[in-house]
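Enquirer: Please see the structure below; I have some questions.
Each reported figure results from applying straightforward, stated rules to the coordinates on display, with no laboratory input. Predicted model only: the values in this text are computed from it and were never measured. Please note: Cβ atoms are built from the backbone with ideal geometry, for glycine as well, and neighbour counts cover all protein chains shown.
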Amino acid sequence: MLSNSIANQHIHAQYGGVVPELASRAHLQNIVPVIDVALKQANVLPDMLSAIAFTRGPGLLGSLLVGVTFAKTMAMCLNIPLVEVNHMQAHVLAHFIKKPGEKKHFPEFPFICLTVSGGHTQLVLVNNFLTMEIIGQTIDDAAGEAFDKAAKLMGLPYPGGPLIDKLAKNGNIHAYKFSKPNIPDLNYSFSGLKTSILYFLRDQSTINPDFTEQHKADLCASIQHTITEILSDKLLKAINKYRVKDVAIAGGVSANTYLRQYFTVLSQKKGFNLFIPPFEYCTDNAAMIAMAGYYKFLNKEFCSQDISPLARMPF
Ligand code: KG4
Ligand code: ZN
């Protein structure tokens, strides 16, 4: 990895969530300067590139369209191949990002990856760089969505995950008990948790209108603990079922401090090897797309100029 340039979109905090049209306009404004910075930091000239990898999906169509169109144009101008990447597979392959000269331990195949992002919660059985299968996933909200929606109910701005992480540091994880779902197989559900938080806060605020404000740290710690337990229950079930030794966590929610500690302790207790990417490769980033693109490039999996983005994309 030579450079990993990211443009943050602070615009969304003002609206309590991602507004798709604003996101795509921000992409349009940012894409040229970000690529310029990425190339300069990497000390690479455009004519030194061998291929262009881009995110085809899943994601917001307007934003994907900006990236896909730019990638196609750049590949055409440079006369080099195009490589389409699935965003969720890229989160898994973030575990293999390495800086020049860096010594790193990688998960060994087959391993299980729990991918927890704002839009997805997936248990993935990874057989090799390009062959992976979903063995469990959420039937409603994603784990990141659970963080964001819980934060919204507490009056916190978007994205709520990092803020809950921060506030929870001063809270008691056992202060409040929220219900955990009872879903069969290796699937997840987070919509019930959101509803139980909603009713709990509503009931408490009728007794004390300042309840949420006065108990924010305990609420954050308890909610974060519940989400982490829900995630770990099914992960342990998957490890037992598939008998893997190596386990990875990926996606924006894997940046969560408490979750990282909890899973580290769990791995020591249960005897599996845990892999968590550095913070900068947990939330959406360019390096993970390049990583997935690299393995597809080695396999000569190129795509044509008539490719279009997919808001929903098969794994
Ligand atoms: O993977 P990601 O960057 O984007 C998607 O592909 O969705 O994940 C974003 C999600 C958001 O829901 C955000 O609240 C959550 O990751 N997130 C966190 C933390 N950092 C980001 N959730 C909990 N704790 C964090 N520290
Ligand atoms: Zn993502």
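Enquirer: Quick check on my filter: what residues within the range 275-315 are of a type in the set (Phe, Trp, Tyr) and over 25 Å from residue 108 (Cβ atoms)?
Expert: 302
Enquirer: Something else: Is it true that some residue in the range 298-313 is assigned to a helix (DSSP H, G or I) and either out of contact with any Pro (no Cβ under 9 Å at 6 or more places or on another chain) or in contact (Cβ under 8 Å) with a residue 24 or more places away in the chain (or both)?
Expert: Checked against the condition, which is being assigned to a helix (DSSP H, G or I) and either out of contact with any Pro (no Cβ under 9 Å at 6 or more places or on another chain) or in contact (Cβ under 8 Å) with a residue 24 or more places away in the chain (or both), the range 298-313 yields at least one hit.
Enquirer: Please find, within the range 162-211, the residue that is surrounded by the most Cβ atoms within 10 Å (Cβ to Cβ) out of those that are under 24 Å from the mean Cα position of the chain (by Cα) and acidic (Asp, Glu).
Expert: 165
Enquirer: Is it fair to say residue 138 is in contact with a Ser or Thr (Cβ under 8 Å, 6 or more places away or on another chain), within 11 Å of ligand 1 (Cβ to nearest atom) and farther than 26 Å from residue 42 by Cα? Step through it out loud before you land on a result.
Expert: Numbers: in contact with a Ser or Thr (Cβ under 8 Å, 6 or more places away or on another chain): yes; within 11 Å of ligand 1 (Cβ to nearest atom): no; farther than 26 Å from residue 42 by Cα: yes.
Taking the combined requirement at face value, the residue does not satisfy it.
Enquirer: Same structure, new question: Could you count how many residues in the range 234-256 are in a helix (DSSP H, G or I) and away from ligand 1 (no atom under 16 Å from the Cβ)?
Expert: Total satisfying the criteria: 9.
Enquirer: For residue 73, state whether it is in a helix (DSSP H, G or I) and of a type outside the set (D, E, K, R).
Expert: yes
Enquirer: Still on this model: Are any residues in the range 36-70 part of a helix (DSSP H, G or I) and within 22 Å of the chain's Cα centre (by Cα), and if so, which ones?
Expert: Within the range 36-70, 38, 61, 62, 63, 64, 65, 66, 67, 68 qualify.
Enquirer: May I ask you to list the residues in the range 141-173 that are β-branched (Val, Ile, Thr) and within 10 Å of ligand 1 (Cβ to nearest atom)? Explain how you work it out, then say what you get.
Expert: Keep residues of the range 141-173 that are β-branched (Val, Ile, Thr), which gives 164, 173.
Answer for the range 141-173, where residues must be β-branched (Val, Ile, Thr) and within 10 Å of ligand 1 (Cβ to nearest atom): just 164.
Enquirer: Hey, can you tell me all the residues within the range 257-289 that are more than 16 Å from ligand 1 (Cβ to nearest atom) and in contact (Cβ under 8 Å) with a residue 60 or more places away in the chain? Give the derivation first.
Expert: Of the range 257-289, the ones more than 16 Å from ligand 1 (Cβ to nearest atom) are 265-275.
Those that are more than 16 Å from ligand 1 (Cβ to nearest atom) and in contact (Cβ under 8 Å) with a residue 60 or more places away in the chain: 273, 275.
Enquirer: I'd like to verify a number: residues in the range 216-227 that are surrounded by fewer than 22 Cβ atoms within 10 Å (Cβ to Cβ) and touching a helix residue (DSSP H, G or I) at 6+ places or on another chain (Cβ under 8 Å), how many?
Expert: Final tally of qualifying residues: 2.
Enquirer: Another question, then. So which of 107, 81 ends up being within 25 Å of residue 311 (Cβ to Cβ) and surrounded by 15 or more Cβ atoms within 10 Å (Cβ to Cβ)?
Expert: 81
Enquirer: Kindly state which helices (runs of 4 or more DSSP H) lie completely within the range 101-214 and contain at least 2 residues that are under 25 Å from residue 248 (Cα atoms) and either in contact (Cβ under 8 Å) with a residue 12 or more places away in the chain or not β-branched (Val, Ile, Thr) (or both).
Expert: Passing ranges, in order: 143-153, 160-168, 191-207.
Enquirer: If I go through the range 91-104 residue by residue, how many of them are surrounded by fewer than 23 Cβ atoms within 10 Å (Cβ to Cβ) and under 19 Å from residue 286 (Cα atoms)? Explain how you work it out, then say what you get.
Expert: Looking only at the range 91-104, we keep the residues that are surrounded by fewer than 23 Cβ atoms within 10 Å (Cβ to Cβ), and these are 96-104.
Now restrict to residues that are under 19 Å from residue 286 (Cα atoms): 96-100, 102.
Final tally of qualifying residues: 6.
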